[in-house]
Amino acid sequence: MRRWSPRAFDGTAEVPPETVRALLEAARWAASHGNTQPARFLVGYRGDDTFGRIFAALRPGNQAWAGRASVLLVGAVAEADERGPVPNTEFGLGLAVQNLVLRAVELGLVTHQMGGFAPDAVREAFALPEHVRPVVVIAVGLLGDDEELPEDLRARERRPRVRKPLSETVFTGTWGRPAFSDEHPAPAAGGRTAGTGSKEG
């Protein structure tokens, strides 16, 4: 998978509204429980008031780099509709956001999803209805130079990507019994077709 979550954004790049619309169209078509479509988004472009209010709600560690992103989005869930409480809302938002970030990869953009923000600050800044809960902030833009990051973040940016093996996360028969061994791992990042080992250029 070519998707990753860098902190180094090009602080001069702009992502036009039509591109952001394409990302949110991908999110709109995500699956959801009973087609309840609980995902909601706030969109801010670097330099505008919405971006500034989203940025102000971030924790300082995220403010150290996220101001260089072209766009900041808040992903929220609508936890009720005209029929009553909506089930599995975070699952629905997660699917929508994954659609969004994979579409961003297709368009040559990078994204970084953050839980490090103050939900109450977002709620107050944007007068969110009681049934809407902010869950995640997503930075969108073009990849920048990691030399512009603070030293501690630069080191994190350059660490190898690591995931737990399937033997620790996928079981069969009984909990803890691996469904797959780790003797023949799937292709590393960039692999195009599982089982062939082919690589993208």
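The values are calculated or read from the model by the stated rules, or taken from the named source; none is laboratory data. Not measured: the values here are computed from a predicted model. Please note: Cβ atoms are built from the backbone with ideal geometry, for glycine as well, and neighbour counts cover all protein chains shown. For the accessible areas, the whole protein counts, side chains as well, though only heavy atoms, and no ligand, DNA or RNA atoms are used. Shrake-Rupley method; radii C 1.70, N 1.55, O 1.52, S 1.80 Å.
Of note:
- The accessible surface of segment 62-153, taken with every protein chain in place and a 1.4 Å probe, is 50 percent carbon and sulfur.
- Once you reduce segment 6-22 and segment 61-116 to the center of their Cα atoms, the two points are 15 Å from each other.
- Most positive-pole-ward Cα, V43, H33, L23, against dipole of segment 1-60 from beta carbon charges: H33
- Per residue, the accessible area of segment 26-175 comes to 56 Å² when a 1.4 Å probe rolls over the protein heavy atoms.
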